[in-house]
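The values are calculated or read from the model by the stated rules, or taken from the named source; none is laboratory data. Please read these numbers as outputs of a predicted model, since none were measured by experiment. Cβ: placed from backbone, ideal geometry, glycine included. Neighbour counts: every protein chain shown.
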Protein chains: 2
Amino acid sequence: MPFFRLNKRSSDSKARKGVLTTFHGDVETPVFMPVGTQGSVKTLTPEDLERTGSKIILHNTYHLYLRPGPQLYRDFGGAHHFSKWNGPILTDSGGYQVFSLADLNKITDDGVTFQSHIDGSYHYFTPESVIDIQKQIGADIIMPLDRPVPYPSEKITAQKANRVTLDWLKISKDSFKNSYNYHDYDQVLFGIVQGGVYPDLRKYAAEETVALDFPGYSVGGLSVGEPQNIMYEMTDHTTEYLPEDKPRYLMGVGKPEDLVTCIGCGIDMFDCVLPTRVGRNGWVYTEKGRMVIKNAEYADDNSPIDANCMCYACKTFSKSYIRHLFNAGEMLGPRLASLHNITFYQRLMENARNAIEEDTYTEWKNEFLAKYTGDDRKK
Amino acid sequence: MPFFRLNKRSSDSKARKGVLTTFHGDVETPVFMPVGTQGSVKTLTPEDLERTGSKIILHNTYHLYLRPGPQLYRDFGGAHHFSKWNGPILTDSGGYQVFSLADLNKITDDGVTFQSHIDGSYHYFTPESVIDIQKQIGADIIMPLDRPVPYPSEKITAQKANRVTLDWLKISKDSFKNSYNYHDYDQVLFGIVQGGVYPDLRKYAAEETVALDFPGYSVGGLSVGEPQNIMYEMTDHTTEYLPEDKPRYLMGVGKPEDLVTCIGCGIDMFDCVLPTRVGRNGWVYTEKGRMVIKNAEYADDNSPIDANCMCYACKTFSKSYIRHLFNAGEMLGPRLASLHNITFYQRLMENARNAIEEDTYTEWKNEFLAKYTGDDRKK
């Protein structure tokens, strides 16, 4: 069985529909992956996640490396046996957290030294070590250590980081092939395309990465503060240089409108903390946009967040009750909002897949965006 | 259908088994009622609670009165329609919170003035007003405003408070009978027996309260700091003066060993925040006592908290994973520990009911206590 099969291509956009096949199950694409940063999608159980329609989740290597540590994953027979999520798991490389979260980091051509944000202890990540850590964690899909640049960055900075990323990709590929396998199922390593917001660097990175031949390609270094239209342009530009028969994963993106737009740019896989993070703050998604459930207007509103949503929160509770939970500081509020928001994202992806299947993607996308961003109400 | 039916009496203790019948369902006694302070049993959904075996829950009138307010409950058709717990609900009178939690309180013979702990606003509770609030909330079982005393208190203080409580009980009974009913189902009002730790005051209070004829009797003012043996003695002493054919409710108690002991003193109903409160701090119950799941000894322990427990946490996760959740500050930890602890309490009550049915209560109680308190391991 190939790792990825492309089933359908949209005739009026770059949207595609396919299937990822892993030891822990098949995943239809385009797919959204909820983020279980520390081995738990915040507030939710694996049972809850299944009920949201989620098929694959992400774990953060940086966090799991520091706590509980790769040794424990090895002893447990991998993340699936530890966290009890039985579907596929993708791990990032930890690079993004090292550069954004760790207290101190010092980069050399060989790797990066950083201090733990938990206890200040010193650690060293190399392309080889992060492959080994992810193999121990037992992820189905593994990311190589890369070197993203912040926005804005000078072109020379982006160029140098691009060079480092490409050097590390080669090391990662060799290391992935030759290093020890702790678990008896297949794990796959993606390539990552960087290049900042410079089209020629993106093209170069994509071509060089594709030349190394990976089973899938990540588009990294976007959604780091650049304007939305630049993120869309870079995504659309990068996928031009990626092979049709391999999955494309846009890392760390994004809002519902980003997912819908970037599927149209040929992206197959997404992950983002947004639905759980904003959920914990009482923001909930509906097809007409984001709703701040704490607002006074919902104080005595006996209707659900979204009458069309099949999640437990919408089938059971009123806006009024969920608002009360947030106002009273009850943990059930963040839990219900997270459950709803992930369900909203998964239904959105299901609708996107159906639209691709019916070859009505662009029409569906425009209708969704008009309703969601409120453009239809302005008419 | 009578509100309470006694089905079985233990031949070698005062333990009893019975059934409470309410509009929202029947409840077998002895029963433990999880506490949903602000309209939510912390971290858990009604669906979760059903899975723990819970049949009746408690709400706190003081909290719900302040937020979201009785008017909202009236508009929603009662707490069952707001919180979506479909089983019976018992509300306390708010008195205990006014005396323990509110920033300032001033007691007169007619009621108590207090400042909200939320915003400092002034409020006034009377025996009549708390009946009206609880009628609006729509509780199946309602408590009258009483006047507990702290431990220790001089006898004269306990005596005066006892007098106030008895005066208020009369007012409450009249008010309950004659005031407006907001909902179209039966609600019942219990009497409350105070008297501090003074046997003669307890006897007097019990006899005077029983003379007023309530469908059930609460034993209040215990578990407020007095030694455990005094709490047991006062409970055992008080039930001597309560009628056999009415349920007895020991308010705010307690630990597993307290429940098991006080069932033997003739108590039928209990409520306590302990299983959820200690659960949020990572303490979990087992038949061999309380376990601090954060302890290093569980770091790589692949077994469940309790192999005999049927709760989702025990059927799914290892101690190691739940310990990791607590150490990483993941909200799923408190949720799983709360779920387990309430399930533990409900299984304990089920075992107690079975032991009463088989007329082996004292033997079962002693076996449980020996194992739970570790006395059997000292041999």
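Within the set of pairs 6 or more residues apart or between chains, which connect a residue that is closer than 28 Å to A:F344 by Cβ and in contact (Cβ under 8 Å) with a residue 40 or more places away in the chain inside the stretch A:241-261 to a residue that is part of a loop (DSSP other than H, G, I, E, B) and among the charged types (D, E, K, R) with Cβ atoms less than 6 Å apart?
From residues that are closer than 28 Å to A:F344 by Cβ and in contact (Cβ under 8 Å) with a residue 40 or more places away in the chain, the pairs are A:P247/A:D268.
If you take the residues of the stretch B:274-294 that are in a loop (DSSP other than H, G, I, E, B) and within 14 Å of another protein chain (Cβ to nearest Cβ), which of them is surrounded by the most Cβ atoms within 10 Å (Cβ to Cβ)?
It comes out as B:I293.
For A:S320, which of the numbered conditions (1) within 14 Å of chain B (Cβ to nearest Cβ); (2) farther than 18 Å from A:T43 by Cα; (3) out of contact with any Asp or Glu (no Cβ under 6 Å at 6 or more places or on another chain) fails to hold?
(3)
In the set B:G53, B:G18, which member is in a loop (DSSP other than H, G, I, E, B) and more than 11 Å from every other protein chain (Cβ to nearest Cβ)?
B:G53
When you scan the stretch A:297-307, do you find a residue that is modelled with pLDDT of 95 or more, within 7 Å of chain B (Cβ to nearest Cβ) and within 20 Å of A:D48 (Cβ to Cβ), even just one?
Within the stretch A:297-307, none of the residues are modelled with pLDDT of 95 or more, within 7 Å of chain B (Cβ to nearest Cβ) and within 20 Å of A:D48 (Cβ to Cβ).
Going by what's in this entry, would B:F99 be described as surrounded by fewer than 23 Cβ atoms within 10 Å (Cβ to Cβ), among the aromatic types (F, W, Y) and away from every other protein chain (no Cβ under 14 Å)?
Answer is yes for this residue.
Pull up the stretch B:199-212, narrow it to residues that are surrounded by 18 or more Cβ atoms within 10 Å (Cβ to Cβ) and either under 22 Å from the mean Cα position of the chain (by Cα) or not hydrophobic (A, V, I, L, M, F, W, C) (or both), then point me to the one that is nearest to B:S175 (Cα to Cα).
Taking the candidates together, the pick is B:T209.
Taking the condition more than 11 Å from chain A (Cβ to nearest Cβ), of a type in the set (G, A, S) and not in a strand (DSSP E or B), does B:S40 pass?
Here the answer is no, as B:S40 does not meet what is asked.
Select from the stretch A:21-37 the residues that are over 29 Å from B:C314 (Cα atoms) and in a strand (DSSP E or B) and write down the one among them that is farthest from the other protein chains (Cβ to nearest Cβ).
This residue is A:T29.
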